[in-house]
Amino acid sequence: MAAKKRTFHEAGQTLTLHDRGTHHELMIGHVPILTSAALGTERAFGQLAKKLSVSPAPRVLVGGLGFGSTLAGVLESVGEKAEVIVVEKLATVIRLLREDLAHLASLSSASLDDPRVRLVKSDVSAVIASEKDLDLILLDVDNGPEWASFTSNARLYDGAGLRAAKAALRRGGSYAVWSGYPRDVFLEQLRVAGLTPSVIPMREKGRVQARAYVGTKT
């Protein structure tokens, strides 16, 4: 059976949502930017909020709404007084998660309506530049620090972008990037930007399927 698909146009890009029966994929051109096939590591990435937050009422910025798993993980891990800012560039993604794909994440639209959550449609680099005293920045906007859904996302991972993230964090706060591939050279980039680097492997079905590259402001 051929996959069902729907096409959307936004920000000068053609996005195609494929319903493959067992999972959904959202693509820009021929490049998949979101898949629901394996959301476990993204949820685990969000759950790092419990380990990395330095406040009982943390301020957490999540870059990328995606299919909602990172946000779900954060909300499971922080208390009632937390503030969670979710930044998503594409109105198409927001609309799909609220409507057609609300069933994909156990959070669905209910979590977007959680009183702790503030959803911002914007470029995440602009929001980071405007913030101060964040406990945690979780970026899940790309497949990792070397691959960008949009070429403009590359600035999130260069020296200026990392310094902006450091400035937005409070002392003891952390910046973390979800990566579906090993890129340990990024640890040195974090160090050069003045952050203390570390890497946290994330397992699914007993195997390391992704990792979080973390820089902590000391």
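The values are calculated or read from the model by the stated rules, or taken from the named source; none is laboratory data. Being a predicted model, the structure only gives us computed values, none of them experimental. A quick note on method: Cβ atoms are made from the backbone with ideal geometry, for glycine too, and the neighbour counts reach across all protein chains shown.
Annotations for the structure displayed:
- Members of segment 172-199 found to be part of a helix (DSSP H, G or I) and either among the hydrophobic types (A, V, I, L, M, F, W, C) or more than 20 Å from V141 (Cα to Cα) (or both), listed by number: V185, F186, L187, E188, L190, R191, V192
- Residue that is surrounded by the most Cβ atoms within 10 Å (Cβ to Cβ) [pool: residues in segment 76-105 that are touching a residue at least 12 places away in the same chain (Cβ under 8 Å) and of a type in the set (G, A, S)]: A105
- Count of segment 200-218 residues which are surrounded by 17 or more Cβ atoms within 10 Å (Cβ to Cβ) and assigned to a strand (DSSP E or B): 8
- Within segment 111-153, restricting attention to residues that are among the polar types (S, T, N, Q) and either more than 20 Å from T216 (Cα to Cα) or part of a strand (DSSP E or B) (or both), the residue that is modelled with the lowest pLDDT is S149.
- Taking segment 4-47 as the range and being surrounded by fewer than 17 Cβ atoms within 10 Å (Cβ to Cβ) and small (G, A, S) as the test, the residues that pass are A11, G12, G21, G29, A37, A38, G40.
- Residue match in segment 114-137 (condition: acidic (D, E), crowded, with 22+ Cβ neighbours inside 10 Å and either under 23 Å from V54 (Cα atoms) or in contact with a Lys or Arg (Cβ under 6 Å, 6 or more places away or on another chain) (or both)): yes
- Counted residues, segment 69-78 - those being under 25 Å from S130 (Cβ atoms) and either of a type outside the set (S, T, N, Q) or assigned to a strand (DSSP E or B) (or both): 5
- Residue match in segment 90-110 (condition: at pLDDT 95 or above, aliphatic (A, V, I, L, M), closer than 26 Å to A160 by Cα and out of contact with any Gly (no Cβ under 9 Å at 6 or more places or on another chain)): no
- In summary, strands (runs of 3 or more DSSP E) completely within segment 7-63 and bearing 1 or more residues that are touching a Pro at 6+ places or on another chain (Cβ under 8 Å) and free of Cβ contacts under 8 Å to residues at least 60 places away in the same chain occur at 24-28.
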